[in-house]
Amino acid sequence: MTRFAGAVRPRLARAAEAVRPCLARTRKPKTWQYTVGAATAGLALAAGAVTAAGPWDSTGQRTAERDWAAAQERTGGADHGRHTDTSDTAAKAPLPAPSAASVLTGLGGGTGTVKSAPNGKALAGVLGPLLDVPELGTRSAAVVDVASGKALYGEGASKPLIPASTTKIATGAAALAALGPDHRLTTRTALEPDTKELVLVGGGDPTLTARKEADGWASLRELAAATAEALKKHGLSQVTLSYDTTLYTGPDLHPIGVNDNIARVTALMADEARTDGSTSGPAPRAADPAKDAATKFAAFLADHGIRTTSPGPSKATNRAESLAEVASPPLSTLVERMLTNSDNDIAEALARQTAVASGERADFDGADEAIRAQLRKLGLPVTGAVFKDGSGLNRDDRLTAGLLTALLAKASDPAHPELRSTLTGLPVAGFTGTLSSRYTDGAAGIVRAKTGTLTGVNTLAGTVVDQDGRLLAFAFMASNTPAPGPAQSALDRTATALASCGCS
C-alpha cells in the first residue's frame, strides 16, 4: 500500500500544481487541462461513492486518493466521508472538491446546481465520428445520464458483443445483490469426532493468503495458529489432515485451459495459487491449488507443534466440530479489488458464490443462471446476455452496451447502496489498476472505467463527469479489432471527448 501511494503521489502533486488555473476555465478546456482536473472531478466521484461503499480498499487505491486529498489545502481535494472521526487528523480533513456537489447529486446526495443532461443529437455529433473508425471494427456504444437514468446516446446498444473483462461489472453487481456488501467468505477447520481427522474446509476465498504479511486479508497462518491451540486443548499433537473443496461443483479448469491468467476454480486456494510471489496480473499457478494450500497449512501447523499426514481430499461431516476460522474482507472490498486489478480469480469466485446464494449449482453453468437471475431482479435488460464465466475470459460471453450502462446507473442509484462498490472499484484513468498507464495526456483522473481486452476485442465501460457537471455512464464495445493498441487509443479518445463535452 505504501509503495502504491508513493508511486501515485508525484503525478497527483503535479496535477495539483495546475489545478487552480484550470478551475478558472469552465468551458471547453484543452486536453492537458483534463489531466490536471484529476484533482477535482476525478476524485469527486470517490467523495460520494466511497462514502457509501465503506472502508478504503486495503490494496491502496482508495487510500492513495485519500492521502493525497488530505495533503491539500482544506479548500480543495475531496470529502471522503470521515466526518465521524473526531481526531486531530480528521479535523484537518479536506472539504469537498468544487465539483463534488454535482457528483453527489448524480449519486443521490448533495444539493448543487447542475445543468441539464447533454443533448443526444449534440452528443452523437461528438462521439459518432470517433467511434466510426476502422480501428474499432464491429462496435456498439451507449451513454446514460446517471441522475435521471435517461439514455442519451446509443449505437447498437442492444446488440450482444463479446464483453471481455467488462463482464466483471456484471459479476460484481450480481454478487453484491445476492450476498450483500458486508458478506465475508470463511475458511475454517473442523475436527471429526473419534478419528483425529482435521479438515481444512474451503469457503471459496481466493484472497486467503499464506504470506507473512496478510495486509487485511484472511491469513492461513493465523488459521493454523488458532487451530493448533484448539487441538492442544483436545490433547492432540498429531492429526490426519484433509481438505474439503465441495462448496463448488463441476469442472475446475476454465474453458481456456491451463493459463497464467487464472488458476483452477476451487473453493480452497492460497494467494490465488500464484507461485511467483505476485499479487496481480498473469502468473504461473499451482497445478492443484487446494492441495497446495493444504500443504502450506500443514507446514504452519508444524510450526506450532502439530504433526500431520500428507493432506488429501475429503468432506467434513455434519458431526465435525469447528475449531477455528478466518474471514475475508467484506464483499464490497473484494469487488473493488476485482475491478481495479481485473482479477480473474476473484471474478470466478464471486460468480460461484452468486450461484450458491441463488440455489444454483456452483459451476460455470450455474453461475450463468444465477448472474442473469440477479440482474433480472434488479430490473436490468438481460436479453442477449450470456455468462459462460464470471471473468470475461470466455469468448462465448455476450453483453450489450445497454446492459453495462444500466448496471452502472443502477449502482449509482440511491435506492441500491449495496451496489456502490461496483463504481468505487473502477480503475481511475492515469492512476490506478488497468488504466494506470492510459490517459497520461488525456482525461486522467476524470474517466473511471473497466477495461476489457481479448484478441480482436476491446471494450471500455465506466463513468465520467462532463463539463456541465453531469455524471454519465458509458459503454464502448468493439469486436474484430485489427490491433489492440490503436483500438484502445480510439476508445480512450472517445471517453476523453465525452468528459470534455459541454453538450447540453
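The values are calculated or read from the model by the stated rules, or taken from the named source; none is laboratory data. Being a predicted model, the structure only gives us computed values, none of them experimental. With ideal geometry, Cβ positions are generated from the backbone for all residues, glycine too; neighbour counts draw on all protein chains shown.
Please work out which residue is farthest from Ala370 (Cα to Cα), limiting yourself to segment 301-325 and to residues that are among the hydrophobic types (A, V, I, L, M, F, W, C) and touching an Asp or Glu at 6+ places or on another chain (Cβ under 6 Å). Give the derivation first.
Step one: filter segment 301-325 for residues among the hydrophobic types (A, V, I, L, M, F, W, C), giving 301-302, 306, 316, 320, 323-324.
With the extra rule that they be touching an Asp or Glu at 6+ places or on another chain (Cβ under 6 Å), the set shrinks to 316, 320.
Values: Ala316: 26, Ala320: 30 Å.
Out of the qualifying residues, it is Ala320.
Here's the yes/no breakdown for (1) over 25 Å from Asp413 (Cβ atoms); (2) at pLDDT below 95; (3) in a helix (DSSP H, G or I):
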| residue | (1), (2), (3) |
| --- | --- |
| Lys115 | no, yes, no |
| Leu123 | no, yes, yes |
| Gly128 | yes, no, yes |
| Gly149 | no, yes, no |
| Ser158 | no, no, no |
| Lys168 | no, no, yes |
| Ala173 | no, no, yes |
| Ala178 | no, no, yes |
| Asp182 | no, no, no |
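One line per residue, one yes/no per condition, for (1) assigned to a loop (DSSP other than H, G, I, E, B); (2) within 24 Å of Thr246 (Cβ to Cβ); (3) of a type in the set (Asp, Glu); (4) in contact (Cβ under 8 Å) with a residue 24 or more places away in the chain:
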{"residue": "Val265", "(1), (2), (3), (4)": "yes, yes, no, yes"}
{"residue": "Asp276", "(1), (2), (3), (4)": "yes, no, yes, no"}
{"residue": "Lys291", "(1), (2), (3), (4)": "no, yes, no, yes"}
{"residue": "Ala298", "(1), (2), (3), (4)": "no, yes, no, yes"}
{"residue": "Ala316", "(1), (2), (3), (4)": "yes, yes, no, yes"}
{"residue": "Leu323", "(1), (2), (3), (4)": "no, yes, no, yes"}
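Which of the numbered conditions does Lys150 fail, given that it passes all the others? Conditions: (1) free of Cβ contacts under 8 Å to residues at least 40 places away in the same chain; (2) in contact with a Cys (Cβ under 6 Å, 6 or more places away or on another chain).
The failed condition is (2).
For Ala225, all conditions in the list (1) in contact (Cβ under 8 Å) with a residue 12 or more places away in the chain; (2) surrounded by fewer than 22 Cβ atoms within 10 Å (Cβ to Cβ); (3) touching a strand residue (DSSP E or B) at 6+ places or on another chain (Cβ under 7 Å) hold save one; what is the number of the exception?
It is condition (3) that Ala225 fails.
Would you mind stating whether Ile162 is surrounded by 17 or more Cβ atoms within 10 Å (Cβ to Cβ), over 17 Å from the mean Cα position of the chain (by Cα), modelled with pLDDT of 95 or more and hydrophobic (A, V, I, L, M, F, W, C)? Steps first, please.
Working: surrounded by 17 or more Cβ atoms within 10 Å (Cβ to Cβ): yes; over 17 Å from the mean Cα position of the chain (by Cα): yes; modelled with pLDDT of 95 or more: yes; hydrophobic (A, V, I, L, M, F, W, C): yes.
When the stated conditions are applied, Ile162 passes them.
Only one residue in Pro193, Pro206 is in contact with an Asp or Glu (Cβ under 9 Å, 6 or more places away or on another chain), modelled with pLDDT under 95 and not assigned by TED's automatic domain parsing to the domain that holds Thr451. Which one? Even if it seems obvious, please write down each step before you answer.
On the way: Pro206 fails: modelled with pLDDT under 95.
Going through Pro193, Pro206 in turn, the sole match is Pro193.
When only residues in segment 274-329 that are surrounded by 14 or more Cβ atoms within 10 Å (Cβ to Cβ) and of a type in the set (Lys, Arg) count, which is farthest from Asp345 (Cα to Cα)?
Lys296
State whether one or more residues within segment 247-256 are more than 31 Å from the chain's Cα centre (by Cα) and assigned by TED's automatic domain parsing to the domain that holds Ala228.
First, pick out the residues of segment 247-256 that are more than 31 Å from the chain's Cα centre (by Cα): none.
Checked segment 247-256: no residue is more than 31 Å from the chain's Cα centre (by Cα) and assigned by TED's automatic domain parsing to the domain that holds Ala228.
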